[in-house]
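For reference, the structure is listed below as structure tokens.
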Amino acid sequence: MSNTKQPLLQPLDMKGLSLSNRLVMAPMTRSRADNADNAPTELQATYYKQRASAGLIITEGSQISPRAVGYINTPGIFSSAQVEGWKLSTKAVHEAGGKIFIQLWHVGRISHSDFHDGKLPLAPSAINPQAKSYTPKGFKDTETPQEMTIEEIKQTIQDFKNGSKNAMEAGFDGVEIHASNGYLLHQFFSRTSNVRTDEYGGSIENRARILFEIIDEIKQVMPENRIGVRLNPSLHGVFGMTMDEESIPTFDYIVERLNQYDLAYLHLSEPFSDVSGLSFAEPNIAKRYRPMYKGTLIINAGFDQEKGNQVILEGLADAVAYGKPFISNPDLAERFEQNAELAEWDEATFYTPGPKGYTDYPALSEVKA
Ligand SMILES: Cc1cc2nc3c(=O)[nH]c(=O)nc-3n(C[C@H](O)[C@H](O)[C@H](O)COP(=O)(O)O)c2cc1C
């Protein structure tokens, strides 16, 4: 296959937004907003600019309110200091010719009372995920969260809307709703974390309701074709999530219903763990959902260059989101173009403060020099 024909390196028209290639930088928490405002700084701007040759960057999960936070030093998108801080990143990426969406995040029951002056984290139901929370005082066992009142649900929907408004002000090309990986919205979708008996629990339609109410609100403050949604349908045994026989039908319903919107994209992950032994899990996410979803489909998790090109060639996705490879290869697109070796990532510095393991991975041209 000649380089110019690599499917990953072909441009993509994403609902009117021109992406120079089909490599997407997956959202990754890097915990370096270690200032009192949890505002991004020049450090994040440098990091994202280094990776601007990706067709699209999706930022790390960014809390939409103080109640949404669940990890130390993650950036927010609810205060003016945060908006000002993010302007540095959007400007840097745009000047380098890239595109950048922000991931809007609420962790729900994965948070801890240490973040909230002793108040319990908010979640659909009072069910402890039996996971770990990364608090200002180190790793702690998660707690039994407080079941959200209807008022708190409505407030959270407004917080997503406000985060989107702020994102537009900060210069982002769009937003990604984090409805994935066992965080708040995923907690609403699952019967094992949502046992509510009101309009947000019980039936599939009720458990999915909050997502559509959020999209409907965000649409009021920004174009629908700049909103992306992230889902992880076969997440099992990770982040306190457990699948059951209604899990996949729930995601089928969500994906079908997303067709009624003119979204920027749907971003799906293949299973994070081996689910081949689970009769009610779907081991092949792209295969199941490509025929179902009519819009732009981004696929993620565990892809290398060859598998990425293959999945696009087979028509199973429009673009591929790479996570860890982008941590250690800021110029991943150029490396694919040159069929070059990839640098290994160092897990020890995924979440540590400062430039080490963050902005000090060289591009290939710097290595050669
Ligand atoms: C350090 C790190 C932080 C992550 N943070 C987020 C996040 O904030 N939001 C999210 O949706 N996924 C997050 N993920 C998951 C990645 O987006 C991606 O799904 C995962 O790394 C699998 O893709 P990969 O095999 O290409 O790395 C994170 C992953 C890593 C390694």
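The values are calculated or read from the model by the stated rules, or taken from the named source; none is laboratory data. Please read all numbers here as calculations on a predicted model, not as lab measurements. Every residue, glycine as well, gets a Cβ built from its backbone with ideal geometry; the counts of neighbours run over all protein chains shown. Just so you know, the surface numbers come from the protein's heavy atoms only, side chains and all, with ligands and any DNA or RNA stripped out. Shrake-Rupley method; radii C 1.70, N 1.55, O 1.52, S 1.80 Å.
Within a Cβ distance under 15 Å of GLY202, other residues only, what is the Lys/Arg minus Asp/Glu net charge? Mind dumping the intermediate values first?
Values: positive: ARG191, ARG196, ARG207, ARG209; negative: GLU147, ASP198, GLU199, GLU205, ASP244, GLU246.
Within the 15 Å Cβ shell, the charges total -2.
Report the antiparallel proportion of the DSSP beta bridges in the stretch 113-266 as a percent, rounded to a multiple of 5.
So the antiparallel bridges amount to about 40 percent of the total.
Taking only the Cα atoms of the stretch 3-368, the radius of gyration and Dmax are 19.2, 61 Å. Under a Gaussian network description of the chain, with springs only between Cα atoms under 10 Å, the residue in THR144, THR41, THR349 that fluctuates furthest is THR349.
Test of understanding: what is the full-extension gain from GLU42 to LEU120, defined as 0.36 nm times their sequence separation minus their Cα-Cα distance?
Working: separation 78, 0.36 × 78 = 28.08 nm, distance 3.34 nm.
The GLU42-LEU120 span can extend by a further 24.7 nm.
Helix content alone sets the calculated 222 nm mean residue ellipticity of the chain: runs of n ≥ 4 DSSP H residues at -39500 (n - 2.57) each, divided across all residues, give -8500 deg cm²/dmol.
Charge dipole (Cα centre; +1 on Lys/Arg Cβ, -1 on Asp/Glu Cβ; no other charges) of the stretch 3-368 amounts to roughly 300 debye.
LYS99 contributes an accessible area of around 50 Å² to the protein surface, as traced by a 1.4 Å probe with all chains present.
Given an 8 Å cut-off on Cα distances and at least 6 residues of separation, report the relative contact order of the stretch 105-196 as a percent.
Working: 128 pairs, mean separation 30.5, N = 92.
Relative contact order of the stretch 105-196: 33 percent.
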